[in-house]
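Have a look at the structure below before the remarks.
The values are calculated or read from the model by the stated rules, or taken from the named source; none is laboratory data. What you see is a predicted model; the values in this text were computed from it and never measured. Every residue, glycine as well, gets a Cβ built from its backbone with ideal geometry; the counts of neighbours run over all protein chains shown. Accessible surface is based on the protein model in full, side chains and every heavy atom, while ligands, DNA and RNA are left aside. Shrake-Rupley method; radii C 1.70, N 1.55, O 1.52, S 1.80 Å.
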Amino acid sequence: MTPEMPDVTRARHGRPVHHWRRDVVELAALFTAVAVADAVANLIGHGPDGPALLVVSAVVLAATAVFHVWWSRRHTHAPPVSDTGARPTAETRPAGPSGQPAVCETGGVLWRMRTTVKDEPGSLAALCAALAERRVDILSLQTHPLAAGTVDEFLLRAPGPLTAAEITRAVALAGGTATWIERADAHDLVDVPTRVLGLAARTALDTAELPLALRQLLGRCTIRSLPGAPAGGGRGPQPVPVEGILEDTVMRLPAPEGGVLTVERPYLPFTPTEFARARALVELDGRLGPRIPDGHDVLTLPEGNDITVRRVDTGDLAAARAMHERCSPHTLGLRYHGPVGDADRYLNHLLSPRFGRTLAAQTASGKIVGLGHLLWDGDETEVALLVEDEWQRRGIGTELLGRLVALAAEAGCASVYAVTKASNTGMVAAMRGLGLPLDYQVEEGTLVITARLAPAPVSTAPRVQPPHLG
């Protein structure tokens, strides 16, 4: 946070500045006043118009005093009343535009900024002074040492009228280069150690949290997990060393289950510090092994049957394959949009928590009759449903879809999409039943329905406890 400066004016290096010019002017004024007083006294004492001159002098002194009071109020060193920097009250504080971070509760607008400065004494001090001159408050600061310079990452609170261009211009004049800035929100108010510990706890509880934790740790980025043995056959990705590879805006890490985990951020290079944090998080995930949180809900269908909804993973692969065998070719064709014989080969990928989350609807006897998948697809999120023929039209698909969309919203996804056929009226009806804005697009004979999600409530504390179903 920007420190409050004392009354004594200080130079950029921090030592007090001695205003010797002001001292000289004050001494000159004092000597002049003495000389004028002596001249007036001689004039009054030896002249015939002494009393009149005395009255005139009193009037001039009174006028001078009035002028001095007016001048001091007009040109005080303190900021004017209308520009004190006081934070507006809740009643007068402007609200942020829809879809943009609003003015924070303590006043001002939050910004995340990253800039590079020379690795020499005084560089950071000059940058902080430039921000302070524009009444920009530094809420947090991280430094990322590099071979040539230091990358400083700030969380700033700036006055509302101050634009991003004005901030970056001030930073550039103070010596900052390669400056990047974007709006922040209340999530960024959590200090970095607390946020990292919270993300580590989430990853420890649930394998599916790893890509989400990496995205929250590194900001806006694209994360792809490439399996060592692709489900469709062929060669897997080129293996990477245990310590991983960092190439400017791309980092490649060995995936815990085999294969390669690629993280890409085209707009901003990764620093060695960020690379080390990501590598530690992936290593933690690999040491803990596959895991999903316990928990289930029991639902009663309209006809009276009880259905259990729970998280599943590759440990339920046999039960999922058995459901495939009970599904008709038409049902499997609607789900997988291709040869039905290929469906079993993708189950291992779909059930892996590394690539998303899967919910299953299970009967009292333990038979799986419905599967719902939430799949991380780079920057996007896909939802998919498969319900056994005999259990369709009973609300199972709608229940699974609603829970998957809730999980996506909690994970911070802006939208989810479903790929299906126009003849799949059940999926179309389930998407429409969400009550969310929908976009429809036909691609190569398939229907893509995208639902835009409402933003999740802002919380300044990281979530540690998983939801009931993960």
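Among the residues of segment 281-300, is there at least one that is more than 24 Å from Y346 (Cβ to Cβ) and under 20 Å from the mean Cα position of the chain (by Cα)?
Yes, there is a match, as at least one residue in segment 281-300 is more than 24 Å from Y346 (Cβ to Cβ) and under 20 Å from the mean Cα position of the chain (by Cα).
May I ask you to verify whether A414 is within 24 Å of A213 (Cβ to Cβ) and either among the hydroxyl-bearing types (S, T, Y) or open to solvent by 40 Å² or more (accessible area, probe 1.4 Å) (or both)?
Numbers: within 24 Å of A213 (Cβ to Cβ): yes; either among the hydroxyl-bearing types (S, T, Y) or open to solvent by 40 Å² or more (accessible area, probe 1.4 Å) (or both): yes.
When the stated conditions are applied, A414 passes them.
Looking only at segment 182-196, which residues are among the aliphatic types (A, V, I, L, M) and either in contact with a Lys or Arg (Cβ under 7 Å, 6 or more places away or on another chain) or without any contact (Cβ under 8 Å) to a residue 12 or more places away in the chain (or both)?
Filtering segment 182-196 for residues among the aliphatic types (A, V, I, L, M) gives 184, 186, 189-190, 192, 196.
Residues satisfying the conditions are A184, V196.
Please give the number of the condition D285 fails out of (1) closer than 30 Å to L401 by Cα; (2) charged (D, E, K, R); (3) part of a loop (DSSP other than H, G, I, E, B).
Among (1) closer than 30 Å to L401 by Cα; (2) charged (D, E, K, R); (3) part of a loop (DSSP other than H, G, I, E, B), the lone unmet condition for D285 is (3).
Please go through segment 124-153 and give me each residue that is crowded, with 18+ Cβ neighbours inside 10 Å and of a type in the set (S, T, N, Q), ordered by number.
Listed by number, the list is empty, since nothing qualifies.
Could you please tell me which pairs satisfy a Cβ distance under 7 Å, a separation of 6+ or placement on different chains, a first residue in segment 351-371 that is under 18 Å from W391 (Cα atoms), and a second residue that is among the acidic types (D, E) and open to solvent by less than 10 Å² (accessible area, probe 1.4 Å)?
What qualifies is V369/E388; G370/E388.
Before we move on, is T222 surrounded by fewer than 20 Cβ atoms within 10 Å (Cβ to Cβ) and modelled with pLDDT of 80 or more?
On the way: surrounded by fewer than 20 Cβ atoms within 10 Å (Cβ to Cβ): yes; modelled with pLDDT of 80 or more: yes.
Considered against the rule, which asks whether it is surrounded by fewer than 20 Cβ atoms within 10 Å (Cβ to Cβ) and modelled with pLDDT of 80 or more, T222 comes out as yes.
If we scan segment 341-361, do we find a residue that is modelled with pLDDT of 90 or more, open to solvent by less than 20 Å² (accessible area, probe 1.4 Å), of a type in the set (S, T, N, Q) and not in a helix (DSSP H, G or I)?
Yes, because at least one residue in segment 341-361 is modelled with pLDDT of 90 or more, open to solvent by less than 20 Å² (accessible area, probe 1.4 Å), of a type in the set (S, T, N, Q) and not in a helix (DSSP H, G or I).
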